[in-house]
Amino acid sequence: MKNIGLDCKKHKFPPAVICDFDDTTMLENVAEIILKEFGGNEWEVYRKQHSLKMIGLKEYQELAFKSVKADVTQMKAIVKQRATLRPYFKTLFDYCESHDIPLAIATLGLDFYVEAVLEREGMETLQHYSATTKFIGNQMQFSYPYASERCWQTGNCKCAVIQKYRSLGYSILFAGDGNSDICPADKADTVFAHRFLEQNYQSRGLSYIPLTDFAQVLCKLHKSESY
């Protein structure tokens, strides 16, 4: 079944936009920019173990970043230098700010590299739900303030973020790309998908809007009259 996306229909409730970060809000996996620069060869061993399902994403992330030989200032600097925002996301941010539409990032990734991008782009007010890091020297400690015992994977739960906005009376527009985005996408009203998430939705015959840039999200918001 070929999916060509949803028509821009009127929302019953006002919209909130929730976006994954790595490979969605950003064109690249920002974590891997850091790991390739500062992680030596060790992190690739952990990535292979994760791809073989020997370890989970949370364990992979912690092991990989513990192999990094850099402080937080160096890591944020390389992110600001090399990470690329997906086209029209900044336009989406400005549009949502001017129309009082909630826009947030929900990611299993780490707060400091999300914040590095937001600082560079002048979007420090953008709400983000991410793993929290604390640095003692070059040692990184991790915590997961948005974890859920009911979640199928350890670390932060994107579905909990979806539910937060749902409970406030919003319809949910969700953009994602990966395996961890399937569950929150299934709980959203409108799904913008690419990569693995798009393949998953195609295989299940579910409706979605292909995500190449955030102009598609702006189209949906422009044509919604509920707010």
TODO: Within region 81-95, identify whether any single residue is over 22 Å from Arg47 (Cβ atoms), in a helix (DSSP H, G or I), touching a His at 6+ places or on another chain (Cβ under 9 Å) and not polar (S, T, N, Q), and answer yes or no.
DONE: yes
TODO: Could you identify the single residue in Asp181, Asp186 that is crowded, with 18+ Cβ neighbours inside 10 Å and acidic (Asp, Glu)?
DONE: Asp181
Open item on the list: Between Gly176, Gly137, Gly169, which is at pLDDT 90 or above, more than 15 Å from the chain's Cα centre (by Cα) and not aliphatic (A, V, I, L, M)?
Closed with: Gly169
- [ ] Only residues in region 158-171 that are outside any helix (DSSP H, G or I) count as the first member; pair them with residues that are at pLDDT below 95 and small (Gly, Ala, Ser), Cβ under 9 angstrom, at least 6 apart or cross-chain, and list the lot.
- [x] Ser171/Ser224; Ser171/Ser226
Task: In region 140-166, the residues that are of a type outside the set (A, V, I, L, M), over 28 Å from Val68 (Cα atoms) and at pLDDT 90 or above - done: Cys159, Gln163, Lys164, Tyr165, Arg166
Task: Residue list for region 97-120, restricted to those being outside any loop (DSSP other than H, G, I, E, B) and more than 17 Å from Lys58 (Cβ to Cβ) - done: Glu97, Ser98, Leu103, Ala104, Ile105, Glu115, Ala116, Val117, Leu118, Glu119, Arg120
TODO: From the list Leu206, Leu197, pick out the single residue that is over 15 Å from Val17 (Cα atoms) and part of a loop (DSSP other than H, G, I, E, B).
DONE: Leu206
Task: Unique residue being acidic (Asp, Glu) and either under 20 Å from Arg120 (Cβ atoms) or touching a helix residue (DSSP H, G or I) at 6+ places or on another chain (Cβ under 8 Å) (or both) when the list is Glu32, Glu62 - done: Glu32
Task: Sole residue being surrounded by fewer than 18 Cβ atoms within 10 Å (Cβ to Cβ) and either in contact with a Ser or Thr (Cβ under 6 Å, 6 or more places away or on another chain) or of a type outside the set (Val, Ile, Thr) (or both), chosen from Gly109, Gly122 - done: Gly122
Task: Long-range neighbours under 8 Å by Cβ, at least six apart or interchain, first residue under 16 Å from Thr91 (Cα atoms) within region 120-145, second loosely packed, with under 11 Cβ neighbours inside 10 Å and among the polar types (S, T, N, Q) - done: none
Open item on the list: Tell me whether region 88-97 contains one or more residues that are among the polar types (S, T, N, Q) and either buried (at least 18 other Cβ atoms within 10 Å of the Cβ) or without any contact (Cβ under 8 Å) to a residue 60 or more places away in the chain (or both).
Closed with: no
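The values are calculated or read from the model by the stated rules, or taken from the named source; none is laboratory data. This structure is a prediction, so every number in the text was calculated from the model and none was measured. For neighbour counting, all protein chains shown are included, and Cβ atoms are generated from backbone atoms with ideal geometry for every residue, glycine included.
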